[in-house]
1. What fraction, in whole percent, of alpha-carbon pairs in segment 83-143 exceed 14 Å separation?
2. Once amide H atoms are placed 1.01 Å from N in the peptide plane, what residues at a sequence separation of 5 or more from residue 93, or on another chain, have their amide H within under 5 Å of its amide H?
3. Stretched out fully, how many nm does the piece from residue 84 to residue 60 gain, at 0.36 nm a residue minus the Cα gap?
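What follows is calculated from the coordinates using simple rules that are stated; it is not laboratory data. Owing to the predicted nature of the structure, the values given are computational and were not obtained by experimental measurement.
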Amino acid sequence: MDIQVSYQATTEEIVAVVAANAATRPGLRWGIVGLWAVLAVVCAAAGSLWFAVAAFFFGFVQVLNITATGKRMGAKVAPRYVGATTARLTDEVLQLNSPVQTREIPWSAVSKVTHTPMAWSVLSQKLGSTPQSAIVLKAAFSAEQRAEVDAFLAALPKVAHKGRAEGLPTGATKTPVG
C-alpha cells in the first residue's frame, strides 16, 4: 500500500472526529447511567425519594458531560491538525504533515485505531516511546482507497479496533492478541 492524499482540515471536522471517538464507547456511557441508577434504587429503598430522583437525573447529566468533554478535547486538539494536510499511508508508516506538525508513526507501534465515518484515529503507545496520535480524514480518499486502508488496518496484528470500518458490521471490533 502506498496512498497519498491532500486535504484542507477544518476545526469543525477535527472537533466532530474527537467527539465521535468519545461516542464509540457506549459501554462507558451506560455504565455511568447504571451506577447512578443503582444509587437511585438504593436511595429509594432507604426512603430518600428526592435523593433517588436526583441520582437518576445526575446519571444522565454525566452522559451529556461525556459528549461535551469530547467537544472540548476536540477544540484543544484541532490546532495541530487544521489547515492544508498531506497524509501518506504505506505498508510501513503513516506520515501526516499539517502546517503545525509532521508525524511519522510506524504501523508496528500502533496500538489502537478508531474508525468513524469521518476519519481514522490512530494511537501509538509503544513501550519506551512517547505516545503519538494522528487523525486522518477520510473525505479525500476514494472509495477504493478507503477500502484498501480499512483492509490494511484490519490486518494489523495486536491492534484494537473501535467503531465501524466499511465492510464490518456495526460494533465489530478486533481485540488485541496476547
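1. Here the tail beyond 14 Å accounts for 56 percent of pairs.
2. Under 5 Å from the amide H of residue 93 lie the amide H atoms of 107, each far enough along the sequence or on another chain.
3. 4.8 nm
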